[in-house]
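Some notes on the structure that comes next.
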Amino acid sequence: MTSELQPNGSPVRGRDRLANLIPNMMTLGAVCVGLTAVRFALNERIDLAVIALVVAMIMDGLDGRLARALNSTSQIGKELDSLADFFNFGIAPGLILHLALFRESTKVDFTWMAIMLVAACCAYRLARFNASEDSETAQTFEGVPAPVLALLTLMPVYLHLLEFEIISRWPALISIYLIGCAFLAVSQVPTLSLKSLKVPPSYGFLVVPIFTLLIASLLIYPWETLTALSLTYLAALPFYARRHSAN
């Protein structure tokens, strides 16, 4: 009988096996939350659908950090995370958008094509990330990351929840926007990685108030805050790309 070994060659103990399972359980939990978001959208609770998907984004950001903190990173965890990301950030946002804006419409074929393009580009973006040898330590991403792609894809839904009904009356405009988001995901445009964010010690006192203000804004004005975050990210892309090319 052979025993399971850690990467360093030592046997995997029961406690180590549990540590290896915890990040994967969080990843699977994120899939359940993403699937529940689609169910909310099917039940015409678009607000809850968006909130659930934001929770899935937060869980996606935590599982990798938890795996590194517990020293339990694995190839299985990496592949599982990509599969979860593809559903939560490639498929679910498009379904929510379609159910929120075009549930009753019968002439949105071009918009549906754009939604499929977002899903396909998300899958390619994740595959390219996994194939990159330095993906875990990269200080800069190529293209928009999958969670941010989901955040951007849902911006027409935020505007719909803010009662900008003109949004649903211009499916062609939404389609063009979605196509742009899809190409940003597979492009080679340099985008910011959170690993590269470093706060100077002299500004460290601002971190807690800014973070608290962000959380409070999300709780009190969720759609306005998500719209502002999406627009700010898009506006910052050319400035960051220019700065990166200058370095």
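Taking Leu83, is it open to solvent by 20 Å² or more (accessible area, probe 1.4 Å) and within 15 Å of the chain's Cα centre (by Cα)? Taking the combined requirement at face value, the residue satisfies it.
Taken across segment 169-186, residues that are of a type outside the set (S, T, N, Q), open to solvent by 70 Å² or more (accessible area, probe 1.4 Å) and modelled with pLDDT under 85 do occur, with at least one present. Only residues that are closer than 15 Å to Leu161 by Cα and either surrounded by fewer than 22 Cβ atoms within 10 Å (Cβ to Cβ) or touching a residue at least 60 places away in the same chain (Cβ under 8 Å) (or both) were counted across segment 19-43, and they come to 1.
Among residues of segment 126-137 that are within 13 Å of Ser82 (Cβ to Cβ), those with a beta-carbon under 6 Å from a residue that is open to solvent by less than 60 Å² (accessible area, probe 1.4 Å) and at pLDDT below 85 at least six positions away or on a different chain give the pairs Phe129/Ser135. Mind checking whether some residue in segment 95-106 is crowded, with 22+ Cβ neighbours inside 10 Å and farther than 16 Å from Leu154 by Cα? No - not one qualifying residue is present in segment 95-106. Assessment of segment 188-211 against the conditions (surrounded by 10 or more Cβ atoms within 10 Å (Cβ to Cβ), charged (D, E, K, R) and at pLDDT below 85) yields at least one matching residue. With respect to the conditions (1) open to solvent by 60 Å² or more (accessible area, probe 1.4 Å); (2) aliphatic (A, V, I, L, M); (3) touching a residue at least 24 places away in the same chain (Cβ under 8 Å), Ile46 falls short on a single one, namely (1). Here's a check for you: in segment 49-72, which residue that is among the aliphatic types (A, V, I, L, M) and touching a residue at least 60 places away in the same chain (Cβ under 8 Å) is nearest to Pro145 (Cα to Cα)? Top of the filtered list is Met57.
Residues in segment 49-61 that are closer than 15 Å to Asp81 by Cα and crowded, with 16+ Cβ neighbours inside 10 Å: Ala56, Met57, Met59, Asp60. Taken together, Leu48, Leu28, Leu70 contain a single residue that is at pLDDT 70 or above and in contact with a Phe, Trp or Tyr (Cβ under 6 Å, 6 or more places away or on another chain), which is Leu48. Which of (1) touching a Gly at 6+ places or on another chain (Cβ under 6 Å); (2) of a type in the set (A, V, I, L, M, F, W, C); (3) surrounded by fewer than 19 Cβ atoms within 10 Å (Cβ to Cβ) does Ile115 not meet, given it meets every other one? Ile115 satisfies all of (1) touching a Gly at 6+ places or on another chain (Cβ under 6 Å); (2) of a type in the set (A, V, I, L, M, F, W, C); (3) surrounded by fewer than 19 Cβ atoms within 10 Å (Cβ to Cβ) except (3).
The values are calculated or read from the model by the stated rules, or taken from the named source; none is laboratory data. These numbers come from a predicted model, not from an experiment. All Cβ positions, even for glycine, are placed from backbone atoms using ideal geometry, and neighbour counts span all protein chains on display. All accessible areas refer to the heavy atoms of the entire protein, side chains included, with ligands and DNA or RNA removed. Shrake-Rupley method; radii C 1.70, N 1.55, O 1.52, S 1.80 Å.
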